[in-house]
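Enquirer: A single structure is presented below for examination.
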Amino acid sequence: MNTLKIAVQKSGRLKDDSMKLLKDIGISIDNGKDQLKATATNFPVEVFYLRNGDIPQYLKDGVVDAAIIGNNVLVEKGNSIEYISKLGFSKCRVSIAVPKAMEYQSLNDLNGKQIATSYPNTVNAFLEENNIKASIHVINGSVEIAPNIGLADAIVDIVSTGGTLFKNNLIEKEVILKSEAVLAVSPTINAAQQAILDKIKFRIESVLKGQSSKYVLLNAPNESLEAIINILPGMKSPTVLPLAESGWSSVHSVIDKNQFWNIIDDLKALGAQGILICPIEKMVL
Ligand code: PRP
């Protein structure tokens, strides 16, 4: 039987959300501690727990067929490995940061400077594109310390909350790349494995759609129904059910989770009452 081999981060910032996503799409894994490989009990999938930086090469060589990985790592080491879905978590930037005290007007100020980074390929490509001549000092961790100990003038590293930069007296100056977790695919994947991956992709999209939407229920006076329906589009069109009290209806709809606060005042002005906003676990379109 064909099985899809999927890599996830062994440890690090993507690990927990990656495992949660697999769970949310109904893939049960007997996740014994310190295991390097686990087989799903209810889906033709084997999960490999690998070091982040090794995953692009394993994808390239076909050791694994797919991976949940940060796009920043793919860009740095990917050798044109493609991804098929953005996963909406582990959002971060790969950015240039400099000491707060440094005079910095533009990228040109990096000419002749030393840049410490764990992302040499990404930085080189960016510097070349912008015609900046700086030297790169590769460090594999704690990059933010480099300017403070005289190892570099500037750094390029992942910025998420910005807390690490702040603690090290650095300031973000240029965003080289915006990144998030993605579902990447091996170029050697075969048709049977691709079919399994397509199912996973479909399930992921259902989960992500659910996460970005809310189910809205409200009671509306019948004379305002049309106006309320106009501002609550729903998936096809809202469900309208009569209430026991005459002249009133219950309206059910799905809206983008970011839209709700924009329309709440209009709904209230139209007489909507008892408005409930509920999370959606999965949404299949
Ligand atoms: C990353 C990165 C920064 C930090 C930035 O390290 O190297 O140090 O996160 O995050 P912040 O903007 O929220 O402070 P991570 O903890 O992922 O470990 P790493 O050093 O192994 O990359």
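The values are calculated or read from the model by the stated rules, or taken from the named source; none is laboratory data. Since this is a predicted model, take the numbers as computed values, not measurements. All Cβ positions, even for glycine, are placed from backbone atoms using ideal geometry, and neighbour counts span all protein chains on display. We work out accessible area using only protein heavy atoms, side chains counted, and drop any ligands, DNA or RNA first. Shrake-Rupley method; radii C 1.70, N 1.55, O 1.52, S 1.80 Å.
Enquirer: Whenever you get a sec, compute what percent of the accessible area on the chain sits on carbon and sulfur atoms (1.4 Å probe). Before the final figure, lay out the partial values.
Expert: Values: 7410 of 15190 Å².
Carbon and sulfur atoms account for 49 percent of the accessible area of the chain.
Enquirer: Among the aspartates and glutamates, select those whose C-alpha is under 17 Å from the C-alpha of Lys100, and discard any that sit fewer than 8 residues away in the same chain.
Expert: Hits, sequence-local ones excluded: Asp109, Glu144, Asp153, Asp157, Glu172, Glu174.
Enquirer: How many Lys pairs in the range 1-80 lie less than 18 angstrom apart by Cα atoms, where the lysines are 8 or more positions apart or on different chains?
Expert: Here the count comes out as 18.
Enquirer: Quick check on the chain: of the DSSP beta bridges with both residues there, what percent are antiparallel, nearest 5%?
Expert: Given both bridge residues lie in the chain, the antiparallel proportion sits at roughly 75 percent.
Enquirer: Per residue, how large is the accessible surface of the chain? Use a 1.4 angstrom probe and give square angstrom. Intermediate values should be presented prior to the final figure.
Expert: Details: 15190 Å² over 285 residues.
I get 53 Å² per residue for this part.
Enquirer: Compute the acute angle (0 to 90°) between the alpha-carbon long axis of helix 120-129 and the principal axis of greatest extent of the alpha-carbon atoms of the chain; round to the nearest 10°.
Expert: Orientation of helix 120-129: about 90 degrees from the principal axis.
Enquirer: With r defined as the distance between the Cβ atoms of Ser80 and Val138 and R0 fixed at 30 Å, what FRET efficiency is calculated, to the nearest 0.05?
Expert: Values: r = 22 Å, r/R0 = 0.73.
So, using R0 = 30 Å, E works out to roughly 0.85.
Enquirer: To the nearest 10 degrees, how steeply does helix 15-24 sit against the main Cα axis of the chain, on a 0 to 90 scale?
Expert: In the chain, helix 15-24 runs at an angle near 30 degrees to the longest axis.
Enquirer: Something else now. Let me confirm the definition first: pairs of Lys residues in the range 169-224, 8 or more apart or on different chains, C-alpha distance under 26 Å. How many are there? Numbers along the way, then the final one.
Expert: On the way: Lys178/Lys201; Lys178/Lys209; Lys199/Lys209; Lys199/Lys214; Lys201/Lys209; Lys201/Lys214.
Close lysine pairs found across the range 169-224: 6.
Enquirer: Counting each DSSP H run of 4 or more residues in the chain as -39500 (n - 2.57), what helix-only mean residue ellipticity at 222 nm follows after dividing by all residues, to the nearest 500 deg cm²/dmol? Mind showing how you got there, number by number?
Expert: Values: 8 runs with 77 residues, N = 285.
Taken over the chain, the calculation gives -8000 deg cm²/dmol.
Enquirer: Counting pairs of alpha carbon atoms under 8 Å apart in space and at least six apart in sequence, what relative contact order in percent does the chain give?
Expert: On the way: 544 pairs, mean separation 54.5, N = 285.
Here the relative contact order equals 19 percent.
Enquirer: If you fit an axis through the alpha-carbon atoms of helix 260-269 and take the longest principal axis of the Cα set of the chain, what angle between them do you get, 0 to 90°, nearest 10?
Expert: 20
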